[in-house]
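One structure below.
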Amino acid sequence: MKLIVVNDYAQLSIEAARLIAQEVKDNPKAVLGLATGGTPEGMYRELIRLHREEGVDFSQSTSFNLDEYVGLPANHTQSYRTYMQDHLFAHINLPVERTNVPRGDVADLAAECARYEEAIVQAGGIDLQVLGIGNNGHVGFNEPGSMPDSITRVVQLTTSTIEANARYFDSIEEVPTRAVSMGIKTILGAKRIVLMASGVAKAEAIRHMLEAEMTADVPATLLQLHSGVTVIVDRDAASGLKGKAAESASK
């Protein structure tokens, strides 16, 4: 894994956006894997700026989001389709028909998972996958115990994930307990992966990912199976590193 340590969240966002923008410039038909949550928000703001001020053109690109809550319609205020519309899609020239977010409100969730997995294949696979990381080491909604051969499926969210996401809802009781998520195998199928982390709360997860042996108990460690992972962290998120990664972080 390539480690990039920056001073703060603002620099983290700029660096991640730069990598995505370069991918789109080099390959206008790029298939992008996108993430939600607090960490990518600054990156999306920078991508919007790059589109408006520097002409980064998304008109031929395609996007696939990592996940969606089970039970929330696309127009729900806390759905990830709404998140993407608010934070990125409404502000760039990526055609809506080329944006893909799994449906969490369909009757046949197994069929939806199979459809989504096949849609990624039919698009030629993901060129650049953006990831965050949970405090417990989850990527996407691949919670501890997720196996390397897992594909898009319905997952049960852990208590820690539900508690972490409760800030977006009026009460913790409103947070969905299940989600449709790309699997570890799906994520590892991307040609390149960029993982972002900010803040001291992510330091332990980052340390495990970079310095511990691979284990399904910390799903992010399974990214060690991929040869094209770039990890971008701020100083706080890098503060738990102890081994060779710590030496890189200090440079």
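The values are calculated or read from the model by the stated rules, or taken from the named source; none is laboratory data. Since this is a predicted model, take the numbers as computed values, not measurements. Ideal geometry is used to build each Cβ from the backbone, glycine not excepted, and the neighbour counts take in all protein chains shown. Ligands, DNA and RNA are stripped out before the accessible areas are found, and what is left, the full protein with its side chains, is counted by its heavy atoms. Shrake-Rupley method; radii C 1.70, N 1.55, O 1.52, S 1.80 Å.
Of note:
- Within region 102-123, residues that are farther than 16 Å from residue 74 by Cα reach partners that are in a helix (DSSP H, G or I) and modelled with pLDDT of 95 or more with beta carbons closer than 8 Å, at six or more positions or on different chains, in the pairs 117/186; 120/186.
- Highlighted here are the helices (runs of 4 or more DSSP H) found entirely within region 1-120 that include at least 1 residues which are over 18 Å from the mean Cα position of the chain (by Cα) and at negative phi: 9-26, 41-54.
- Tally of residues being β-branched (Val, Ile, Thr) and more than 20 Å from residue 130 (Cα to Cα) across region 155-189: 6
- Of all residues making up region 181-195, the number that are buried (at least 22 other Cβ atoms within 10 Å of the Cβ) and either closer than 22 Å to residue 119 by Cβ or touching an Asp or Glu at 6+ places or on another chain (Cβ under 9 Å) (or both): 9
- Annotation: residue 162 fulfils all but one of (1) touching a Lys or Arg at 6+ places or on another chain (Cβ under 8 Å); (2) surrounded by fewer than 23 Cβ atoms within 10 Å (Cβ to Cβ); the unmet one is (1).
- Options 167, 178; residue that is more than 22 Å from residue 206 (Cβ to Cβ) and open to solvent by 50 Å² or more (accessible area, probe 1.4 Å): 178
- For the residues 97, 112, 118, the requirement of being open to solvent by less than 30 Å² (accessible area, probe 1.4 Å) and of a type in the set (D, E, K, R) singles out 112.
- So residue 241, is it within 19 Å of the chain's Cα centre (by Cα), open to solvent by less than 40 Å² (accessible area, probe 1.4 Å) and at pLDDT 95 or above: no
- Extreme residue, nearest to residue 67 (Cα to Cα), among residues of region 20-37 that are open to solvent by less than 50 Å² (accessible area, probe 1.4 Å) and either touching a Ser or Thr at 6+ places or on another chain (Cβ under 7 Å) or modelled with pLDDT under 95 (or both): 34
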